[in-house]
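Asks: If you scroll down you'll find the structure; I have some questions about it.
Values in this text are rule-based calculations from the coordinates and carry no lab data. What you see is a predicted model; the values in this text were computed from it and never measured. Using ideal geometry, Cβ is built from the backbone for each residue, glycine included, and neighbour counts are taken over all protein chains shown.
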Amino acid sequence: MSDSYFTTGDNVWFEPTAHSRGPWNENACHGGPPTALLVRAMEGLAPGQRLARICVELMRPIPMVGFRVQSEVRRPGRSVTYTEAEIFDEERIYVRAFGMHVRQLDGLDVATAEVISPNFAESMQSNFPIKQGAHDLQGFVHSVEARYDPESSMGEGGPTTMWMRTKVPILPDEEPSPFQKISPLADCGNGISYNAPIGEMMFVNPDLSVSLHREPEGDWFCSQSVSHWQENGTGMADAELFDEWGPVGRAVQNLLLAPIERG
């Protein structure tokens, strides 16, 4: 198994490794690593502008057997550019994403909000919260390191503050951008904060929206996550994202809930 989430021979067709496998379907990817590939495809489309937001529509399970990625500019602009990217193969489109790139100024004299940020130095090492899924194969949860705010749930559900670092890059011999690096964590809010035993309830996100007000720094990123579940089988995971120096943005996932039936 390659020490990366994907391999590629032509920068068009990407083959997931076991590190990309999601917890609910042994033949499908976790949404985080493919989101990083979509970010990668979009970032070069608007020179001089920063990718500030990506909205990902996860229309079908992303196949572990491989797929193509393509991207294009939907509407160029001097201050804001909109882009689009897809994950697809010969049969269907699996994911469609929409990006927004914004211009940047140098040295603007402004203040920003003061917030209390999680303290990485006080965090405690532990396991990723999803310890049991619908299969026992090697997957995404084995590719990350996790640490917790000692005053949060330590990965046992409910509102949780978790730090995460990926052990492998998106692609071999390629340094991921800051947005790419935080993408796997951004898609984990529903798994970090859950409201029932993981072996009893499935909580799948058909979408993911990530907005960053600045580029993350370093390798360790934090998610302060809370999941809202409703009796009608829907919900939302809301996560504020941090690096070791403070807040960087927010990730939101809409959720579909369903009990897990075991034979």
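Asks: Just to be sure I understand: if I project the alpha-carbon convex hull of the range 53-207 onto a plane and average over all orientations, what area do I get in nm²? Working shown, then result.
Replies: On the way: hull surface 51.0 nm².
Value for the range 53-207: 12.8 nm².
Asks: Going by how many other Cβ atoms sit within 10 Å of their own, how do Trp229, Trp13 line up, fewest first? Please list the in-between numbers first.
Replies: Values: Trp229 19, Trp13 14.
The fewest-first ordering by Cβ neighbours comes to Trp13, Trp229.
Asks: Ranking Val204, Val141 by Cβ neighbours within 10 Å, fewest first, what do you get?
Replies: Details: Val204 18, Val141 21.
Final ranking by Cβ density, sparse to dense: Val204, Val141.
Asks: Where does the Debye-calculated log10 I(q)/I(0) of the chain sit at q = 0.12, 0.13, 0.17 Å⁻¹, using only Cα point scatterers of equal weight, no solvent?
Replies: -0.69, -0.82, -1.42
Asks: May I ask for log10 I(q)/I(0) of the range 131-263 at q = 0.11, 0.18 Å⁻¹, from a Debye sum over the Cα atoms as equal point scatterers with solvent left out?
Replies: -0.39, -1.02
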